[in-house]
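Asks: I'd like to ask some things about the structure below.
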Amino acid sequence: MNGKNFAVSSMFFILGLCFGSWSSRIATIRDGLSMSDSMLGSVLLAMTSGLLISLPVSGWAITRFGSRTVGVFTIITIAALLALVPFVSSVSQLAVVMFVFGFSYSAVNVSNNTQASIVEKFSGETRLPFFHGLWGLAGFAGAGIGALTIGQGISLSLHFGLISTVAAISALACWRFLYNEPSLEQTGRAFAAPDRSLLNYGLIAFFGMACESIMYDWSTVYFQDVVSPDQRYVGIGFAVFMGAMTVGRLFILNSFVNRFGMRKTLQWSGIFILAGFGTAILFPSLVLSAIGFCLAGLGICGVIPLVAGAAARSSTMAPSSAIASVLTIGFAGLLIFPPLVGFLSDAVGLRYAFLVGVFLAIGTIYRASKIPE
C-alpha cells in the first residue's frame, strides 16, 4: 500500500474511531447530564439534522476547496468537539455540539468517499468497500476502548481527550499524502438535480441505509424480546451483524464486484438481506436468528460503498456533489424506518415489524436490476 492509499485508509479509520468512541460513552454522557431517553433522542436528532444539512454544503465545499482540505479541517473539528463533550453543562449545549459534530462528520464522510473514488480511478479497481470496512473496524476499536475505559473507571474527559489528540495528530500527518486532484474533484456542477442514474443509486442507498439503521437500532431489542435467549447472549445478533459487515467489506466484496460487476453484486446484496430478515422472522431461535443477522450484514455491507463509488463517476455532477446527493436520499431511509419499526412493533409486535426489512430488500433487488449492464 503506497503512502496516498495509506493516508486515505487512515482517514476512514480516524472517522470510525471517533464515532465508535462517542457511541461507546452515550450512556455515560446521558447519566452525567441526567437526561431522560427523550432528551437523549433530541440530542441524537440534532446530530442527524447536522448530518443531513451538511451533505449539499459539503459537496459544494469540496468542489471549491478540495476533499483534502475539507476532510482534514473537519476531522480536526470533530476531534475538538469530542474533547469538548465532557465539559458541556446542559442538554442544549450538548445538542449544539452534536449538531456541529454531525455536520462535520458528514463533511469528512463525503471527503473520504471522494478521496476513495480517486483511488479507484487510478487503480482501476473497486476499493470503496475496503475503506468502509476500515471504518467499521475502527468503530469496533472505539467501542472496545470505550468499554475498557468504563471498566477501569477512566474519566470521560481523559478518554475523549486522548482519542481527540490521536485523531487530530493523525489527520495532520495525513495531509501531505492525501490526493489533491482539482482536475478530478472540480469537474461537473456543484449544484444540480440528480439525473435518473443518480436517483436510482439514491433509492438503492435509501433501502440499504434503512435496513442498516434498523439493524443498528433494533437488533439487540429483537434478540431480547423476540429470540429471548439467556441474557448473556442478547448482544450476539448485533455483534454478528457488525462482524459480517466488516468482514464482507474488508475481505469479500472487492473481489466479488470485480468479478461479477456492480449490478449483480447489488442484486445479491438484496437477496442476502431478504434471506437474512426472512430467516430471523421465520425461525426466531438463537442460532438461526444469528445466521439471519449474519446474512443481512453480508448483504448490507456492499450497498453504500458501491453506490457512493458509482455516484463519484457521474458525468453530470462533480464527484463530491454526486456522492452527497445520493447519500442525502439514503439518509432519509435512516430517519424514517427505525421509528416506523417502533410504531409497527407497538401495533403488531417486533417480529412482524421486521417484515419491513423484507420489503426493503425487495426494493434493493428491483432498483439494482435497473443499473445498466
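Asks: Might you work out the accessible area of T149 for me, using a 1.4 Å probe with all protein chains in place, and round it to the nearest 10 Å²?
Replies: 10
Asks: Any idea what the relative contact order of the range 190-306 is, in percent, if you count C-alpha pairs under 8 Å spaced at least 6 apart? Don't skip to the answer; put the middle values down first.
Replies: On the way: 123 pairs, mean separation 37.4, N = 117.
Once normalised by length, the contact order is 32 percent.
Asks: Expressed as a whole percentage, what fraction of the accessible surface of the range 4-90 belongs to carbon and sulfur atoms when a 1.4 Å probe is rolled over the protein heavy atoms? All intermediate terms of the calculation are to be shown ahead of the outcome.
Replies: Details: 2390 of 3420 Å².
Ligands and nucleic acids excluded, carbon and sulfur reach 70 percent.
Asks: Same structure, new question: Within the range 1-97, list the chymotrypsin sites (Phe, Trp or Tyr not before Pro) lying in a DSSP loop whose Cβ has at most 11 other Cβ atoms in a 10 Å radius. Don't jump to the answer; show the numbers that get you there.
Replies: Numbers: sites: F6, F12, F13, F19, W22, W60, F65, F73, F87; in loops: none.
Here no loop site has a sparse enough neighbourhood.
Asks: Need one number: nm distance between label points at I26 and S315, each 7 Å from Cα along Cα→Cβ, rounded to one decimal.
Replies: It is 4.3 nm.
Asks: Do you know the relative contact order of the range 255-373, to the nearest whole percent, from alpha carbon pairs under 8 angstrom that are 6+ apart?
Replies: On the way: 122 pairs, mean separation 42.8, N = 119.
RCO, the range 255-373: 36 percent.
Asks: Taking R0 as 22 Å, what FRET efficiency do you get between S49 and T69 from their Cβ-Cβ distance, rounded to the nearest 0.05? Don't jump to the answer; show the numbers that get you there.
Replies: Details: r = 25 Å, r/R0 = 1.12.
The computed FRET efficiency comes out at 0.35.
Asks: Which distance in nm do the two modelled labels at K121 and I150 give, with both placed 7 Å along the Cα-to-Cβ direction?
Replies: With each label point 7 Å from Cα toward Cβ, the separation is 4.3 nm.
Asks: Kindly give Rg over Rh for the range 85-240, based on alpha-carbon atoms, with the Kirkwood expression for the hydrodynamic radius. Walk me through the numbers before you get to the answer.
Replies: Numbers: Rg = 19.7 Å, Rh = 19.5 Å.
That ratio equals 1.01.
Asks: For a quick check: with amide H placed at 1.01 Å from N, whose amide H comes under 5 Å from M317's, ignoring anything fewer than 5 positions away on the same chain?
Replies: R189
Asks: Report the percentage of all Cα-Cα pairs in the range 1-128 whose separation exceeds 24 Å, rounded to a whole percent.
Replies: Numbers: 2690 of 8128 pairs.
Cα-Cα pairs of the range 1-128 separated by over 24 Å account for 33 percent.
Asks: Please work out the FRET efficiency for the pair Y216 and V348, using the Cβ-Cβ distance as r and a Förster radius of 22 Å; give the result to the nearest 0.05. Display every interim value, and only then the final one.
Replies: Working: r = 21 Å, r/R0 = 0.98.
So the FRET efficiency works out to roughly 0.55.
Asks: Using Cα pairs under 8 angstrom and six or more residues apart, how large is the relative contact order of the chain, in percent?
Replies: Details: 641 pairs, mean separation 92.8, N = 373.
Relative contact order of the chain: 25 percent.
Asks: Related question: Note the listed values (i) 17.3; (ii) 26.3; (iii) 18.3, then indicate which one is mean projected area of the Cα convex hull in nm² calculated from this particular structure.
Replies: (i)
Asks: Another question, if that's okay. Quick test of the membrane-span-like rule: which DSSP H helices of the chain reach at least 24 Å along their long axis (C-alpha atoms) with mean Kyte hydropathy at least -0.5?
Replies: Details: long enough: 3-24 (31 Å, 0.92); 37-65 (40 Å, 1.15); 67-84 (25 Å, 1.87); 91-123 (47 Å, 0.73); 128-151 (35 Å, 1.27); 156-174 (27 Å, 1.80); 196-222 (38 Å, 0.61); 262-282 (29 Å, 0.94); 319-348 (43 Å, 1.58).
Correct list, ordered by number: 3-24, 37-65, 67-84, 91-123, 128-151, 156-174, 196-222, 262-282, 319-348.
Asks: Here's a follow-up. Would you please give the FRET efficiency between L199 and Q224, computed as 1/(1 + (r/R0)^6) with r the Cβ-Cβ distance and R0 = 35 Å, to the nearest 0.05?
Replies: On the way: r = 38 Å, r/R0 = 1.09.
Approximately 0.40, to the nearest 0.05.
Asks: Leaving out ligands and nucleic acids, note down the accessible area per residue over the chain with a 1.4 angstrom probe, in whole Å².
Replies: Details: 15490 Å² over 373 residues.
Value returned for the chain: 42 Å² of accessible area per residue.
Asks: Using the Kirkwood radius built from alpha carbon pairs, what does the Stokes-Einstein equation give as D for the range 105-183 at 10 °C and 1.306 mPa s, in µm² per second?
Replies: Working: Rh = 14.7 Å.
The Stokes-Einstein estimate is 108 µm²/s.
Asks: Would you mind computing, in nm to one decimal, how far apart the modelled labels at A332 and Q231 are, each placed 7 Å from Cα along Cα→Cβ?
Replies: In this crude spin-label approximation the distance works out to 4.3 nm.
The values are calculated or read from the model by the stated rules, or taken from the named source; none is laboratory data. Being a predicted model, the structure only gives us computed values, none of them experimental. Cβ coordinates were reconstructed from backbone atoms using ideal geometry, including for glycine residues, and neighbour counts include every protein chain displayed. Only protein heavy atoms, including side chains, enter the accessible area calculation; ligands, DNA and RNA are left aside. Shrake-Rupley method; radii C 1.70, N 1.55, O 1.52, S 1.80 Å.
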